[in-house]
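The values are calculated or read from the model by the stated rules, or taken from the named source; none is laboratory data. Computed from a prediction, not measured in an experiment: that's the story for all the values here. No Cβ is skipped: glycine too gets one built from the backbone with ideal geometry, and neighbour counts run over all protein chains shown. Calculation scope for accessible area: heavy atoms of the full protein, side chains included, ligands and nucleic acids excluded. Shrake-Rupley method; radii C 1.70, N 1.55, O 1.52, S 1.80 Å.
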Amino acid sequence: MTIAILGGGLAGLSAAYYLKREGGINKNQSIQIIEAGNQTGGWIQSWKDENTNVISELGPRTIRGRGKSANNTYSLIKDLGIENLVRNVGIDASARYIFANGKIHQLPMSVWKALFTVNQPFTKPWIYYVLRECFSSNNSKANLPDIQNNDESAYDFFLRTFGQEFADYLISPLLCGVCGGNAKQMSVKFMFGALYEAERKHGTVGLGLLKEKLSSILNREKIKDTKGTNIDKPPPPVYYLDGGLQRLIHALDINNESQGIHTNLNTQCTQLHFHENRKGARIVFSNGKELECSHVISALPAYKLASLFCVKSQHSTLTQLLKSIPMVSIATVNLTYNDPKVMGPYKGFGVLSSPLEKLSLLGIIFNNYIYGHSGRVDLTVMMGGYGFKEHFVKNSQCLSEEKLADTAVGHVKRVLNIQSLPNTYSTQILNDCIPQYTVGHYERVNKIQEYINVRRLPLTLVGSSYAGISVNDVIFASMTAMRKLCK
(Lines give C-alpha, C1' and ligand atoms only; values in the text may rest on other atoms or scores of the structure.)
Protein backbone atom coordinates (compact mmCIF):
# COMPACT_ATOMS: atom_id res chain seq x y z
CA MET A 1 0.00 0.00 0.00
CA THR A 2 1.13 3.54 -0.74
CA ILE A 3 1.79 6.44 1.61
CA ALA A 4 0.92 9.53 -0.43
CA ILE A 5 2.52 12.92 0.17
CA LEU A 6 0.50 15.75 -1.35
CA GLY A 7 2.79 18.59 -2.39
CA GLY A 8 6.40 18.52 -3.52
CA GLY A 9 7.58 21.69 -1.83
CA LEU A 10 10.11 21.83 1.00
CA ALA A 11 7.59 20.42 3.51
CA GLY A 12 6.66 17.43 1.34
CA LEU A 13 10.24 16.60 0.32
CA SER A 14 11.54 16.80 3.88
CA ALA A 15 8.57 14.74 5.13
CA ALA A 16 9.49 12.01 2.64
CA TYR A 17 13.12 12.20 3.74
CA TYR A 18 12.34 11.87 7.45
CA LEU A 19 9.64 9.23 6.95
CA LYS A 20 12.16 7.01 5.20
CA ARG A 21 14.95 7.81 7.64
CA GLU A 22 12.81 7.10 10.70
CA GLY A 23 11.83 3.68 9.34
CA GLY A 24 8.19 4.59 8.98
CA ILE A 25 7.37 2.15 6.18
CA ASN A 26 7.51 -1.61 5.81
CA LYS A 27 8.51 -3.75 2.84
CA ASN A 28 4.99 -3.75 1.42
CA GLN A 29 4.65 0.03 1.46
CA SER A 30 5.89 2.71 -0.90
CA ILE A 31 6.09 6.49 -0.71
CA GLN A 32 4.79 8.65 -3.54
CA ILE A 33 5.04 12.43 -3.73
CA ILE A 34 2.20 14.05 -5.69
CA GLU A 35 3.13 17.44 -7.18
CA ALA A 36 0.82 19.50 -9.42
CA GLY A 37 3.63 21.59 -10.92
CA ASN A 38 6.39 20.69 -13.33
CA GLN A 39 9.10 20.83 -10.67
CA THR A 40 9.54 20.35 -6.94
CA GLY A 41 10.42 23.04 -4.42
CA GLY A 42 7.25 25.11 -4.21
CA TRP A 43 8.20 28.74 -3.63
CA ILE A 44 11.89 27.85 -3.30
CA GLN A 45 13.15 28.53 -6.80
CA SER A 46 16.54 29.98 -7.72
CA TRP A 47 17.80 31.16 -11.07
CA LYS A 48 20.93 32.87 -12.41
CA ASP A 49 21.10 35.70 -14.90
CA GLU A 50 23.67 34.46 -17.40
CA ASN A 51 24.74 38.02 -18.26
CA THR A 52 25.29 39.29 -14.72
CA ASN A 53 25.65 35.98 -12.78
CA VAL A 54 23.12 37.38 -10.31
CA ILE A 55 21.32 34.69 -8.31
CA SER A 56 17.66 35.51 -7.76
CA GLU A 57 15.29 33.76 -5.38
CA LEU A 58 11.55 33.49 -5.82
CA GLY A 59 11.04 32.82 -2.11
CA PRO A 60 13.43 32.76 0.86
CA ARG A 61 17.12 33.47 0.27
CA THR A 62 18.74 33.00 3.68
CA ILE A 63 18.52 30.61 6.63
CA ARG A 64 18.98 31.53 10.27
CA GLY A 65 21.53 29.45 12.13
CA ARG A 66 20.52 29.76 15.78
CA GLY A 67 18.04 27.66 17.75
CA LYS A 68 16.79 24.09 17.90
CA SER A 69 15.06 24.10 14.52
CA ALA A 70 18.10 25.79 12.93
CA ASN A 71 20.39 23.05 14.22
CA ASN A 72 18.04 20.48 12.71
CA THR A 73 18.22 22.18 9.30
CA TYR A 74 22.00 22.30 9.43
CA SER A 75 22.11 18.60 10.32
CA LEU A 76 19.93 17.89 7.27
CA ILE A 77 22.26 19.93 5.05
CA LYS A 78 25.24 17.94 6.33
CA ASP A 79 23.42 14.62 5.92
CA LEU A 80 22.62 15.54 2.32
CA GLY A 81 26.27 16.28 1.64
CA ILE A 82 25.88 19.93 0.69
CA GLU A 83 27.57 21.54 3.70
CA ASN A 84 30.23 22.81 1.26
CA LEU A 85 27.59 25.09 -0.29
CA VAL A 86 26.96 27.01 2.95
CA ARG A 87 28.04 30.64 2.76
CA ASN A 88 27.91 33.26 5.49
CA VAL A 89 26.08 36.43 4.49
CA GLY A 90 28.33 39.30 3.43
CA ILE A 91 30.16 41.25 6.10
CA ASP A 92 28.26 44.42 5.12
CA ALA A 93 24.83 42.80 5.47
CA SER A 94 24.44 43.25 9.23
CA ALA A 95 22.65 46.61 9.32
CA ARG A 96 18.85 46.83 9.20
CA TYR A 97 16.80 49.90 8.35
CA ILE A 98 13.27 51.16 8.95
CA PHE A 99 11.49 53.61 6.66
CA ALA A 100 9.25 55.76 8.85
CA ASN A 101 8.10 59.37 8.93
CA GLY A 102 9.29 59.77 5.35
CA LYS A 103 12.92 58.93 6.21
CA ILE A 104 15.18 55.87 6.39
CA HIS A 105 16.55 55.06 9.85
CA GLN A 106 19.19 52.51 10.81
CA LEU A 107 18.24 50.28 13.69
CA PRO A 108 20.90 50.06 16.43
CA MET A 109 23.39 47.23 15.86
CA SER A 110 24.26 46.72 19.53
CA VAL A 111 22.12 46.17 22.61
CA TRP A 112 23.88 48.91 24.55
CA LYS A 113 23.35 51.51 21.85
CA ALA A 114 19.70 50.52 21.59
CA LEU A 115 19.18 50.74 25.34
CA PHE A 116 21.00 53.94 26.20
CA THR A 117 20.89 56.22 23.15
CA VAL A 118 18.01 57.73 21.22
CA ASN A 119 17.73 56.13 17.79
CA GLN A 120 15.21 57.63 15.43
CA PRO A 121 12.38 57.12 14.66
CA PHE A 122 12.14 56.38 18.40
CA THR A 123 12.02 59.46 20.64
CA LYS A 124 13.50 57.75 23.70
CA PRO A 125 16.22 55.18 24.39
CA TRP A 126 14.90 51.62 24.56
CA ILE A 127 15.70 51.35 28.27
CA TYR A 128 12.75 53.70 28.79
CA TYR A 129 10.35 51.26 27.13
CA VAL A 130 11.84 48.30 28.99
CA LEU A 131 11.55 49.97 32.41
CA ARG A 132 8.09 51.22 31.52
CA GLU A 133 6.97 47.65 30.90
CA CYS A 134 8.75 46.12 33.89
CA PHE A 135 7.56 48.57 36.52
CA SER A 136 4.18 49.64 35.23
CA SER A 137 1.56 49.57 37.99
CA ASN A 138 -0.70 47.58 35.67
CA ASN A 139 1.81 44.78 35.20
CA SER A 140 0.87 41.83 37.33
CA LYS A 141 -0.75 38.49 36.67
CA ALA A 142 -3.95 39.79 38.20
CA ASN A 143 -4.07 42.74 35.80
CA LEU A 144 -3.42 40.83 32.58
CA PRO A 145 -6.22 41.46 30.07
CA ASP A 146 -8.99 38.91 29.69
CA ILE A 147 -8.32 38.22 26.03
CA GLN A 148 -10.32 36.00 23.71
CA ASN A 149 -8.85 32.54 23.06
CA ASN A 150 -6.06 33.41 25.51
CA ASP A 151 -4.46 35.39 22.68
CA GLU A 152 -4.28 38.94 21.33
CA SER A 153 -2.82 40.74 18.35
CA ALA A 154 0.89 41.48 18.29
CA TYR A 155 0.15 45.18 17.87
CA ASP A 156 -2.13 45.32 20.92
CA PHE A 157 0.36 43.35 23.01
CA PHE A 158 3.31 45.65 22.28
CA LEU A 159 1.15 48.77 22.48
CA ARG A 160 0.04 47.68 25.94
CA THR A 161 3.47 46.62 27.19
CA PHE A 162 6.18 48.71 25.49
CA GLY A 163 4.14 51.55 24.01
CA GLN A 164 2.99 52.87 20.64
CA GLU A 165 6.42 53.60 19.17
CA PHE A 166 7.48 49.98 19.65
CA ALA A 167 4.26 48.79 18.03
CA ASP A 168 4.43 51.24 15.11
CA TYR A 169 8.14 51.44 14.33
CA LEU A 170 9.42 47.96 15.21
CA ILE A 171 6.75 45.26 15.39
CA SER A 172 4.53 46.40 12.52
CA PRO A 173 7.39 46.72 9.98
CA LEU A 174 8.90 43.45 11.21
CA LEU A 175 5.71 41.47 10.61
CA CYS A 176 5.28 43.11 7.21
CA GLY A 177 8.74 41.91 6.25
CA VAL A 178 8.54 38.43 7.77
CA CYS A 179 5.12 37.36 6.55
CA GLY A 180 3.43 40.29 4.81
CA GLY A 181 1.13 40.50 7.79
CA ASN A 182 -0.87 43.14 9.62
CA ALA A 183 0.40 43.39 13.20
CA LYS A 184 -3.12 44.33 14.30
CA GLN A 185 -4.32 40.89 13.19
CA MET A 186 -1.34 38.60 13.85
CA SER A 187 -1.23 36.38 16.93
CA VAL A 188 1.29 37.42 19.56
CA LYS A 189 1.02 33.98 21.11
CA PHE A 190 2.30 32.40 17.89
CA MET A 191 4.65 35.08 16.54
CA PHE A 192 6.24 36.10 19.87
CA GLY A 193 5.62 33.05 22.02
CA ALA A 194 8.50 33.56 24.45
CA LEU A 195 7.42 37.13 25.26
CA TYR A 196 3.78 36.11 25.58
CA GLU A 197 4.63 33.25 27.97
CA ALA A 198 6.99 35.43 30.02
CA GLU A 199 4.22 37.92 30.74
CA ARG A 200 1.64 35.21 31.45
CA LYS A 201 3.97 33.41 33.84
CA HIS A 202 5.74 36.31 35.59
CA GLY A 203 3.48 39.33 35.10
CA THR A 204 6.00 41.32 33.00
CA VAL A 205 7.85 40.56 29.79
CA GLY A 206 11.24 42.03 30.72
CA LEU A 207 11.60 40.54 34.20
CA GLY A 208 10.03 37.30 32.99
CA LEU A 209 12.61 36.88 30.23
CA LEU A 210 15.40 37.69 32.69
CA LYS A 211 14.15 35.05 35.14
CA GLU A 212 13.80 32.47 32.36
CA LYS A 213 17.33 33.21 31.13
CA LEU A 214 18.85 32.85 34.59
CA SER A 215 16.92 29.63 35.14
CA SER A 216 18.15 28.28 31.81
CA ILE A 217 21.77 29.09 32.69
CA LEU A 218 21.47 27.39 36.07
CA ASN A 219 19.88 24.30 34.54
CA ARG A 220 22.62 24.05 31.93
CA GLU A 221 25.24 24.20 34.66
CA LYS A 222 23.53 21.36 36.52
CA ILE A 223 23.40 19.04 33.50
CA LYS A 224 26.70 20.11 31.93
CA ASP A 225 28.33 17.28 30.06
CA THR A 226 31.54 16.32 31.87
CA LYS A 227 32.96 14.80 28.69
CA GLY A 228 33.29 18.21 27.05
CA THR A 229 31.44 20.25 24.52
CA ASN A 230 30.23 19.21 21.09
CA ILE A 231 33.08 19.71 18.65
CA ASP A 232 30.78 19.90 15.61
CA LYS A 233 31.05 23.20 13.80
CA PRO A 234 27.88 25.26 14.39
CA PRO A 235 26.12 26.93 11.46
CA PRO A 236 26.73 30.63 10.74
CA PRO A 237 24.21 33.02 12.36
CA VAL A 238 22.67 33.72 8.93
CA TYR A 239 23.68 31.91 5.75
CA TYR A 240 22.71 31.07 2.20
CA LEU A 241 23.62 28.30 -0.23
CA ASP A 242 25.97 28.89 -3.12
CA GLY A 243 23.80 28.69 -6.22
CA GLY A 244 20.61 29.41 -4.29
CA LEU A 245 18.36 27.57 -1.85
CA GLN A 246 17.07 25.41 -4.68
CA ARG A 247 20.28 23.42 -4.22
CA LEU A 248 18.68 22.10 -1.01
CA ILE A 249 15.61 21.03 -3.02
CA HIS A 250 17.79 19.27 -5.61
CA ALA A 251 19.68 17.45 -2.85
CA LEU A 252 16.43 16.25 -1.28
CA ASP A 253 15.18 15.11 -4.71
CA ILE A 254 18.32 13.08 -5.33
CA ASN A 255 18.28 11.53 -1.85
CA ASN A 256 14.59 10.66 -2.00
CA GLU A 257 14.96 9.07 -5.43
CA SER A 258 17.90 7.00 -4.21
CA GLN A 259 15.67 5.73 -1.38
CA GLY A 260 13.00 4.51 -3.80
CA ILE A 261 10.63 7.46 -3.26
CA HIS A 262 8.82 8.31 -6.49
CA THR A 263 7.82 11.89 -7.34
CA ASN A 264 4.86 12.40 -9.68
CA LEU A 265 5.11 15.80 -11.40
CA ASN A 266 2.28 17.51 -13.30
CA THR A 267 -0.18 15.45 -11.26
CA GLN A 268 -3.17 17.43 -10.03
CA CYS A 269 -5.11 16.01 -7.09
CA THR A 270 -8.79 17.00 -7.27
CA GLN A 271 -10.49 14.94 -4.55
CA LEU A 272 -9.57 13.16 -1.33
CA HIS A 273 -11.88 10.55 0.20
CA PHE A 274 -11.33 8.78 3.53
CA HIS A 275 -12.86 5.31 3.75
CA GLU A 276 -15.42 4.96 6.52
CA ASN A 277 -15.52 1.19 7.00
CA ARG A 278 -11.87 0.42 6.38
CA LYS A 279 -8.52 2.08 6.75
CA GLY A 280 -6.97 4.22 4.10
CA ALA A 281 -7.97 6.86 1.59
CA ARG A 282 -8.60 7.34 -2.11
CA ILE A 283 -7.09 10.17 -4.14
CA VAL A 284 -8.70 11.25 -7.41
CA PHE A 285 -6.59 13.02 -10.04
CA SER A 286 -7.57 15.49 -12.74
CA ASN A 287 -6.95 12.88 -15.45
CA GLY A 288 -9.56 10.59 -13.88
CA LYS A 289 -7.08 8.14 -12.40
CA GLU A 290 -7.26 7.14 -8.74
CA LEU A 291 -4.78 6.05 -6.08
CA GLU A 292 -5.57 3.96 -3.01
CA CYS A 293 -3.27 4.71 -0.10
CA SER A 294 -2.89 3.69 3.52
CA HIS A 295 -2.02 7.19 4.76
CA VAL A 296 -1.99 10.73 3.40
CA ILE A 297 0.57 13.34 4.37
CA SER A 298 -0.62 16.76 3.25
CA ALA A 299 2.06 19.35 2.60
CA LEU A 300 -0.46 21.55 0.79
CA PRO A 301 -1.55 24.96 2.07
CA ALA A 302 -4.58 24.53 4.32
CA TYR A 303 -6.99 26.15 1.87
CA LYS A 304 -5.87 23.82 -0.95
CA LEU A 305 -6.34 20.74 1.23
CA ALA A 306 -9.83 22.03 2.12
CA SER A 307 -10.74 22.21 -1.57
CA LEU A 308 -10.17 18.46 -1.96
CA PHE A 309 -13.04 17.50 0.32
CA CYS A 310 -16.53 17.32 -1.20
CA VAL A 311 -18.82 20.11 0.02
CA LYS A 312 -21.45 17.67 1.29
CA SER A 313 -19.01 15.29 2.95
CA GLN A 314 -18.99 14.52 6.65
CA HIS A 315 -15.76 16.50 6.90
CA SER A 316 -17.36 19.91 6.35
CA THR A 317 -16.19 20.96 9.84
CA LEU A 318 -12.60 20.14 8.94
CA THR A 319 -13.02 21.98 5.64
CA GLN A 320 -14.17 25.16 7.37
CA LEU A 321 -11.35 24.99 9.91
CA LEU A 322 -8.76 24.63 7.16
CA LYS A 323 -10.27 27.53 5.23
CA SER A 324 -10.05 29.73 8.32
CA ILE A 325 -6.26 30.01 7.93
CA PRO A 326 -5.91 33.00 5.56
CA MET A 327 -3.20 33.58 2.95
CA VAL A 328 -1.67 36.70 1.39
CA SER A 329 -0.01 37.37 -1.96
CA ILE A 330 3.33 39.06 -2.56
CA ALA A 331 4.72 40.89 -5.59
CA THR A 332 8.51 40.84 -5.87
CA VAL A 333 10.55 42.90 -8.30
CA ASN A 334 14.28 42.25 -8.72
CA LEU A 335 16.19 45.36 -9.80
CA THR A 336 19.83 45.47 -10.94
CA TYR A 337 21.91 48.67 -11.18
CA ASN A 338 25.33 48.40 -12.78
CA ASP A 339 26.67 51.41 -10.86
CA PRO A 340 27.36 50.41 -7.22
CA LYS A 341 27.50 54.08 -6.20
CA VAL A 342 23.72 54.51 -6.54
CA MET A 343 23.22 52.96 -3.07
CA GLY A 344 24.87 55.94 -1.45
CA PRO A 345 25.56 55.43 2.28
CA TYR A 346 23.27 52.44 2.78
CA LYS A 347 24.86 49.06 3.51
CA GLY A 348 23.06 46.19 5.17
CA PHE A 349 20.49 43.43 4.86
CA GLY A 350 17.62 45.66 3.83
CA VAL A 351 14.94 48.13 4.84
CA LEU A 352 11.38 47.56 6.08
CA SER A 353 8.58 50.05 5.65
CA SER A 354 6.31 51.16 8.47
CA PRO A 355 2.62 50.66 7.63
CA LEU A 356 2.07 54.23 8.81
CA GLU A 357 3.61 55.33 5.51
CA LYS A 358 0.57 53.77 3.78
CA LEU A 359 2.70 52.39 0.93
CA SER A 360 2.32 49.13 -0.95
CA LEU A 361 5.94 48.48 0.05
CA LEU A 362 6.80 45.79 2.60
CA GLY A 363 10.56 45.99 2.33
CA ILE A 364 13.64 46.16 0.09
CA ILE A 365 16.33 43.48 0.35
CA PHE A 366 19.94 44.42 -0.45
CA ASN A 367 21.00 41.23 -2.24
CA ASN A 368 24.41 42.54 -3.27
CA TYR A 369 25.43 42.93 0.37
CA ILE A 370 23.93 39.57 1.38
CA TYR A 371 25.88 37.76 -1.32
CA GLY A 372 28.96 39.97 -1.07
CA HIS A 373 28.80 41.50 -4.57
CA SER A 374 30.67 44.79 -4.85
CA GLY A 375 30.43 45.57 -8.56
CA ARG A 376 26.70 46.29 -8.81
CA VAL A 377 23.50 46.80 -6.83
CA ASP A 378 20.92 43.98 -6.68
CA LEU A 379 17.66 44.76 -4.91
CA THR A 380 14.48 42.78 -4.30
CA VAL A 381 11.44 44.97 -3.68
CA MET A 382 8.65 43.17 -1.78
CA MET A 383 5.15 44.59 -2.07
CA GLY A 384 1.58 43.70 -1.17
CA GLY A 385 1.02 41.24 1.63
CA TYR A 386 -2.19 41.94 3.52
CA GLY A 387 -2.67 45.02 1.34
CA PHE A 388 -2.09 43.26 -1.99
CA LYS A 389 -5.67 43.51 -3.25
CA GLU A 390 -6.01 47.13 -2.17
CA HIS A 391 -2.89 48.24 -4.03
CA PHE A 392 -2.55 45.87 -6.97
CA VAL A 393 -5.95 44.48 -7.93
CA LYS A 394 -8.16 46.75 -10.03
CA ASN A 395 -11.50 45.55 -11.44
CA SER A 396 -10.61 41.98 -10.41
CA GLN A 397 -7.41 42.17 -12.49
CA CYS A 398 -3.86 42.35 -11.16
CA LEU A 399 -1.67 45.19 -12.42
CA SER A 400 0.67 44.36 -15.30
CA GLU A 401 4.30 43.44 -14.70
CA GLU A 402 5.35 46.79 -16.16
CA LYS A 403 3.20 48.73 -13.69
CA LEU A 404 4.44 46.60 -10.80
CA ALA A 405 8.03 47.31 -11.88
CA ASP A 406 7.27 51.04 -12.13
CA THR A 407 5.81 50.94 -8.61
CA ALA A 408 8.91 49.17 -7.30
CA VAL A 409 11.26 51.68 -8.95
CA GLY A 410 9.19 54.47 -7.39
CA HIS A 411 9.62 52.94 -3.94
CA VAL A 412 13.39 52.66 -4.43
CA LYS A 413 13.55 56.32 -5.47
CA ARG A 414 11.53 57.41 -2.46
CA VAL A 415 13.18 55.23 0.18
CA LEU A 416 16.80 54.90 -1.00
CA ASN A 417 16.95 58.05 -3.15
CA ILE A 418 18.13 56.05 -6.17
CA GLN A 419 17.04 58.32 -9.01
CA SER A 420 18.50 56.35 -11.92
CA LEU A 421 16.57 53.59 -13.66
CA PRO A 422 17.60 49.95 -13.18
CA ASN A 423 19.60 48.25 -15.94
CA THR A 424 17.52 45.08 -15.64
CA TYR A 425 14.39 44.02 -13.78
CA SER A 426 12.21 40.95 -13.34
CA THR A 427 8.77 40.72 -11.74
CA GLN A 428 7.09 37.80 -9.97
CA ILE A 429 3.67 37.53 -8.35
CA LEU A 430 3.39 34.91 -5.60
CA ASN A 431 -0.33 34.32 -5.23
CA ASP A 432 -1.53 33.05 -1.83
CA CYS A 433 2.04 32.27 -0.83
CA ILE A 434 2.20 33.13 2.88
CA PRO A 435 -0.17 31.90 5.62
CA GLN A 436 -1.31 34.43 8.19
CA TYR A 437 -1.08 33.38 11.83
CA THR A 438 -3.91 35.58 13.01
CA VAL A 439 -5.25 35.82 16.57
CA GLY A 440 -6.40 32.37 17.74
CA HIS A 441 -4.10 30.46 15.36
CA TYR A 442 -3.00 27.94 17.99
CA GLU A 443 -6.60 27.17 18.85
CA ARG A 444 -7.54 26.68 15.19
CA VAL A 445 -4.66 24.28 14.60
CA ASN A 446 -5.52 22.37 17.79
CA LYS A 447 -9.13 21.99 16.65
CA ILE A 448 -7.97 20.70 13.27
CA GLN A 449 -5.68 18.16 14.89
CA GLU A 450 -8.36 17.14 17.39
CA TYR A 451 -10.81 16.52 14.54
CA ILE A 452 -8.29 14.28 12.78
CA ASN A 453 -7.38 12.40 15.96
CA VAL A 454 -10.93 11.80 17.20
CA ARG A 455 -12.02 10.37 13.84
CA ARG A 456 -8.72 8.53 13.38
CA LEU A 457 -8.33 9.86 9.89
CA PRO A 458 -5.21 8.55 8.09
CA LEU A 459 -4.00 12.11 7.63
CA THR A 460 -0.90 13.97 8.78
CA LEU A 461 -0.46 17.71 8.25
CA VAL A 462 2.86 19.42 7.50
CA GLY A 463 3.78 22.71 5.86
CA SER A 464 3.82 26.40 6.67
CA SER A 465 0.06 26.73 7.24
CA TYR A 466 0.35 25.33 10.73
CA ALA A 467 3.70 25.68 12.50
CA GLY A 468 5.76 28.48 10.96
CA ILE A 469 6.88 30.01 7.70
CA SER A 470 10.70 29.92 7.78
CA VAL A 471 12.83 27.22 6.17
CA ASN A 472 13.80 26.03 9.64
CA ASP A 473 10.17 25.92 10.83
CA VAL A 474 8.97 23.93 7.83
CA ILE A 475 11.74 21.31 7.98
CA PHE A 476 11.48 20.94 11.75
CA ALA A 477 7.70 20.51 11.60
CA SER A 478 8.06 17.78 8.96
CA MET A 479 10.66 16.00 11.05
CA THR A 480 8.51 16.18 14.19
CA ALA A 481 5.39 14.98 12.38
CA MET A 482 7.17 12.04 10.78
CA ARG A 483 8.65 10.92 14.07
CA LYS A 484 5.20 11.01 15.63
CA LEU A 485 3.70 9.13 12.70
CA CYS A 486 6.38 6.43 12.88
CA LYS A 487 5.67 5.86 16.57
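DSSP assigns beta bridges within the chain; of those with both partners inside it, close to 70 percent run antiparallel. Cα centroid separation, region 425-483 to region 101-131: 35 Å.
The percentage of C-alpha pairs in region 243-333 whose separation is greater than 21 Å is 49%. Entry for region 1-72 at q = 0.19, 0.22 Å⁻¹: log10 I(q)/I(0) = -0.92, -1.03, Debye formula applied to identical alpha-carbon scatterers, no solvent contribution.
For region 297-447, the solvent-accessible area works out to 44 Å² per residue, with a probe of 1.4 Å and every protein chain left in place. Summarise the long-distance tail of P(r) for region 439-487 by giving the % of C-alpha pairs beyond 18 Å. Cα-Cα pairs of region 439-487 separated by over 18 Å account for 34 percent. Averaged over its residues, region 39-132 has an accessible area of 54 Å² per residue, based on protein heavy atoms and a 1.4 Å probe.
Taking the 1.4 Å solvent-accessible surface of the chain as the whole, the part contributed by carbon and sulfur is 50%.
Mean sequence separation of contacting Cα pairs (under 8 Å, at least six apart), scaled by the length of the chain, corresponds to a relative contact order of 26 percent. Working note: Debye formula, equal point scatterers on the alpha-carbon atoms of region 382-487, no solvent; log10 I(q)/I(0) at q = 0.20, 0.21, 0.23, 0.24 Å⁻¹ is -1.07, -1.13, -1.25, -1.30.
In region 30-82, the C-alpha radius of gyration followed by the widest Cα-Cα span (Dmax) gives 14.7, 44 angstrom.
Taken over region 391-431, the ratio of Cα radius of gyration to 2.2 N^0.38 Å equals 1.28.
Residues whose amide H lies under 5 Å from that of PHE99, counting only those 5 or more places away or on a different chain, are HIS105, LEU352, SER353, SER354; hydrogens are built 1.01 Å from N in the peptide plane. Tell me, rounded to the nearest percent, the portion of alpha carbon pairs in region 293-372 spaced more than 16 Å apart. For region 293-372, the share of Cα pairs beyond 16 Å comes to 70 percent.
With a Förster radius of 41 Å applied to the beta-carbon distance between SER258 and TYR451, the computed FRET efficiency rounds to 0.65.
Centre-to-centre, using Cα atoms only, region 263-313 and region 1-42 are separated by 14 Å.
The value of relative contact order for region 269-338, using C-alpha pairs under 8 Å at least six residues apart, is 23 percent. Here the mean projected area of the convex hull built on the C-alpha positions of the chain is 26.1 nm². Helix-only arithmetic for the chain: the sum of -39500 (n - 2.57) across DSSP H runs with n ≥ 4, divided by the residue total, places the mean residue ellipticity at 222 nm at -10500 deg cm²/dmol.
Of all the stretches in the chain, which is the longest one without any exposed loop site, taking GluC sites (Glu not before Pro) in a DSSP loop (any state but H, G, I, E, B) with at most 11 other Cβ atoms within 10 Å? In short, 51-275. Using θ = phi - 60° in the Karplus curve 6.51 cos²θ - 1.76 cosθ + 1.60, the 3J(HN,Hα) couplings for region 151-164 round to 8, 8, 6, 4, 4, 4, 4, 6, 5, 6, 8, 9, x, 5 Hz; x is entered for Gly and Pro. For region 426-435, putting each phi into the Karplus relation 6.51 cos²θ - 1.76 cosθ + 1.60 with θ = phi - 60° gives couplings of 9, 10, 9, 10, 9, 6, 6, 9, 10, x Hz, in residue order, rounded to whole numbers and with x for Gly and Pro. Think of the chain as having a plus end and a minus end, set by charges on the Cβ of Lys, Arg, Asp and Glu; of THR161, GLN436, GLY180, THR161 sits farthest toward the positive end of this dipole. Net charge dipole, region 158-219: roughly 200 debye, given to the nearest 20, about the Cα centre with Cβ charges of +1 for Lys and Arg and -1 for Asp and Glu.
Projected onto their three principal axes, the Cα atoms of region 42-113 cover extents of 45, 37, 24 Å, largest first.
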